[in-house]
1. Could you work out what % of the accessible surface of the range 19-71 is carbon and sulfur, using a 1.4 angstrom probe and leaving DNA, RNA and ligands out of the count?
2. Suppose the chain between residue 76 and residue 31 were pulled fully straight at 0.36 nm per residue; how much longer would it get relative to their current alpha carbon spacing?
3. Using only alpha-carbon positions, what ratio does the radius of gyration of the range 33-78 give when scaled by 2.2 N^0.38 Å?
Amino acid sequence: MTTPGRAALERFLGTESADAGCSVTMELLDAYVEAVVRGEDPETSMPGVAAHLRTCTPCIEDFDGLLATVRQYPSTED
């Protein structure tokens, strides 16, 4: 049986070589979220960010929060 702490450690240690890292992910997170909201696949244009979001729990939480906010308060500008 894998404990939650063990699962997080395995995700961290399994970091992909294409992983953009936290700082680059935070710089591009708004663009990544906007692409998701538009129905695009940001993994093709930002593969390093996508790789990072598969393994970094704090960045995943930031992504989830930003995505939820953007969906709750959509832009009225078009």
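1. Working: 1590 of 2810 Å².
Exposed carbon and sulfur together represent 57 percent of the surface.
2. So the extension gain works out to 14.5 nm.
3. Compared with the compact-globule rule of thumb, the range 33-78 sits at 1.21.
The values are calculated or read from the model by the stated rules, or taken from the named source; none is laboratory data. All values reported here derive from a predicted model rather than from experimental measurement. Side chains included, ligands, DNA and RNA excluded: accessible areas come from the protein's heavy atoms. Shrake-Rupley method; radii C 1.70, N 1.55, O 1.52, S 1.80 Å.
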